[in-house]
Ligand SMILES: Cc1cc2nc3c(=O)[nH]c(=O)nc-3n(C[C@H](O)[C@H](O)[C@H](O)COP(=O)(O)OP(=O)(O)OC[C@H]3O[C@@H](n4cnc5c(N)ncnc54)[C@H](O)[C@@H]3O)c2cc1C
């Protein structure tokens with residue numbers, strides 16, 4: 001099929017938000033071009049690492065059990081963002097999510113009941129059969145069946161605006177592409193380490209990026225430079241503690257280290273620095289990226305003994321193991337005497353009591369700083385095991401301000417034919433903190449809205 005000289009809708013990005021937009025626009029009769037900066041094999045951005053999306057529903061819906069109403073969902077969001085949200089956009093996202101699940105199924109996504117050990121999410125979060133990779137592949141197949149054109153290794157460097165409207169965009173290889181409307185769905189900027197370092201200082205050079213190396217914020221920067229309104233704190237990002245042996249980019253979900261509540265965590269000098277047992281892990285895992293980032297060299301070590309075996313999700317890299325604490329210290333590159341002193345002090349502060357790994361059991365230390373307030377059992381049973389930990393960045397919060405029609409807000413009001421969806425605008429709704437599964441909800445809802453609006457404008 002020959003290409004039109006001017007596309008109705010040009011979509012920048014190749015993840016969940018982009019594909020939802022492309023499918024909606026194509027179904028509305030628009031000619032649609034998707035520009036994905038990654039090669040085909042790495043298409044799909046961070047969306048391909050995901051497992052589930054959070055969905056409002058009245059009564060059982062597909063794999064979801066019970067009911068998850070608007071107000072409960074909204075309260076959950078307010079708790080994590082501490083009010084840092086746009087209430088209108090947040091409620092719109094929540095309400096629209098209910099219609100998204102059947103839409104996703106109709107466009108090729110398959111769901112599965114949540115697995116055990118996935119934090120009782122079976123009422124609130126629908127899990128993708130085959131994970132985010134299968135979701136992304138299904139959407140590409142659907143989009144292509146609808147006649148959407150996709151170009152890979154097509155990095156957009158500049159989106160040309162004139163008189164408050166999009167005219168054409170330029171790829172970094174110099175190719176120009178004209179369109180009647182554009183949807184920006186190119187994610188956050190976390191893969192640009194220099195940008196992260198400007199926000200976080202040189203420590204950011206030691207951070208690992210859990211997702212795609214292609215989300216470098218090129219389009220976000222370009223729009224902000226042209227006066228588009230921003231949302232979200234540029235110095236904020238979502239980060240968890242991941243295995244220090246993970247690659248710099250794209251290690252995904254499997255490198256998260258979940259043994260912290262059953263461990264002592266020490267820094268490079270063998271010193272503890274935070275209560276490892278503050279609360280159940282789903283409520284605390286997201287603070288550990290930041291805690292490790294604040295330690296010297298941005299590194300920490302979780303130390304467990306044989307009693308912790310089987311109590312947490314297995315890790316992709318096996319732990320470092322030794323029969324003695326001194327042997328473990330040596331293998332991990334930690335100062336042996338300091339680790340011994342820390343563990344001895346910790347063990348002496350443990351008290352007898354009953355241990356319940358899945359709930360706060362109040363088994364707390366006495367007389368040490370920082371305390372461990374739950375699951376505090378002596379580290380005394382060989383073999384001893386350890387993981388090195390690094391901050392693993394999931395996404396950044398800085399983004400573009402949009403209205404409920406997904407239209408990007410320029411310096412002098414809405415840009416007439418520029419829409420945004422997904423992580424690039426999520427800061428409006430998720431101003432801080434994180435609610436499991438909400439990233440995909442925002443991308444699906446706003447991707448669909450942006451695709452519909454862009455097609456309507458173009459045609
Ligand atoms: C390990 C991990 C696990 C996660 N698990 C979940 C989960 O289970 N549930 C959930 O809701 N959220 C999860 N998230 C968050 C979720 O990934 C994001 O919220 C969501 O994928 C964002 O979708 P998106 O389409 O906006 O961005 P992405 O899927 O990241 O897509 C951005 C796309 O833009 C492309 N791109 C970037 N710059 C350019 C450019 N200049 N030109 C052209 N293309 C460009 C990229 O190649 C990519 O294809 C997880 C994130 C990670 C890292």
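The values are calculated or read from the model by the stated rules, or taken from the named source; none is laboratory data. Note that the structure is predicted; figures quoted are calculated from it, not measured. All Cβ positions, even for glycine, are placed from backbone atoms using ideal geometry, and neighbour counts span all protein chains on display.
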Would you check if there is a residue in the stretch 180-187 being within 11 Å of the ligand (Cβ to nearest atom), in a strand (DSSP E or B) and at pLDDT 95 or above?
yes
Show me the helices (runs of 4 or more DSSP H) found entirely inside the stretch 228-335 where at least 3 residues are buried (at least 20 other Cβ atoms within 10 Å of the Cβ) and either within 16 Å of the ligand (Cβ to nearest atom) or not assigned by TED's automatic domain parsing to the domain that holds residue 431 (or both).
288-293, 325-332
Considering only the stretch 8-28, state which residues are over 15 Å from residue 149 (Cβ atoms) and either within 11 Å of the ligand (Cβ to nearest atom) or assigned to a loop (DSSP other than H, G, I, E, B) (or both).
15, 16, 17, 20, 28
Quick check on the stretch 347-364. Is at least one of its residues closer than 21 Å to residue 269 by Cα, surrounded by 15 or more Cβ atoms within 10 Å (Cβ to Cβ), in contact (Cβ under 8 Å) with a residue 24 or more places away in the chain and assigned by TED's automatic domain parsing to the domain that holds residue 265?
yes
Return a yes/no flag: does the stretch 401-409 have any residue that is more than 16 Å from the ligand (Cβ to nearest atom), in contact (Cβ under 8 Å) with a residue 12 or more places away in the chain and surrounded by fewer than 19 Cβ atoms within 10 Å (Cβ to Cβ).
yes
Could you check, for the stretch 129-140, whether at least one of its residues is more than 10 Å from the ligand (Cβ to nearest atom), on the phi > 0 side of the Ramachandran plot and under 16 Å from the mean Cα position of the chain (by Cα)?
no
Could you please let me know if residue 76 is under 21 Å from the mean Cα position of the chain (by Cα), within 16 Å of the ligand (Cβ to nearest atom), in contact (Cβ under 8 Å) with a residue 40 or more places away in the chain and surrounded by fewer than 23 Cβ atoms within 10 Å (Cβ to Cβ)?
yes
Which one is surrounded by the most Cβ atoms within 10 Å (Cβ to Cβ), of the residues in the stretch 421-459 that are part of a loop (DSSP other than H, G, I, E, B) and within 12 Å of the ligand (Cβ to nearest atom)?
421
Failed item in (1) on the phi > 0 side of the Ramachandran plot; (2) touching a helix residue (DSSP H, G or I) at 6+ places or on another chain (Cβ under 6 Å), with residue 261 passing the rest:
(1)
Flag for residue 170 being out of contact with any helix residue (DSSP H, G or I) (no Cβ under 8 Å at 6 or more places or on another chain), more than 13 Å from residue 393 (Cα to Cα) and part of a strand (DSSP E or B):
yes
Take the stretch 29-68 and flag every residue that is within 7 Å of the ligand (Cβ to nearest atom), over 20 Å from residue 104 (Cα atoms) and either touching a helix residue (DSSP H, G or I) at 6+ places or on another chain (Cβ under 8 Å) or part of a loop (DSSP other than H, G, I, E, B) (or both).
36, 37, 38
Could you pull out the residue among 175, 124 that is more than 26 Å from the chain's Cα centre (by Cα) and within 15 Å of the ligand (Cβ to nearest atom)?
175
Say whether the condition of being within 12 Å of the ligand (Cβ to nearest atom) and at pLDDT 95 or above is met by at least one residue in the stretch 364-387.
no
Any residue in the stretch 20-45 that's under 18 Å from residue 191 (Cα atoms): show its pairings with residues that are within 14 Å of the ligand (Cβ to nearest atom) and in a helix (DSSP H, G or I) at Cβ separation under 6 Å, as long as the two are six or more apart or on different chains.
44/136
Which numbered condition trips up residue 216, out of (1) at negative phi; (2) within 14 Å of the ligand (Cβ to nearest atom); (3) out of contact with any helix residue (DSSP H, G or I) (no Cβ under 8 Å at 6 or more places or on another chain); (4) in a loop (DSSP other than H, G, I, E, B)?
(3)
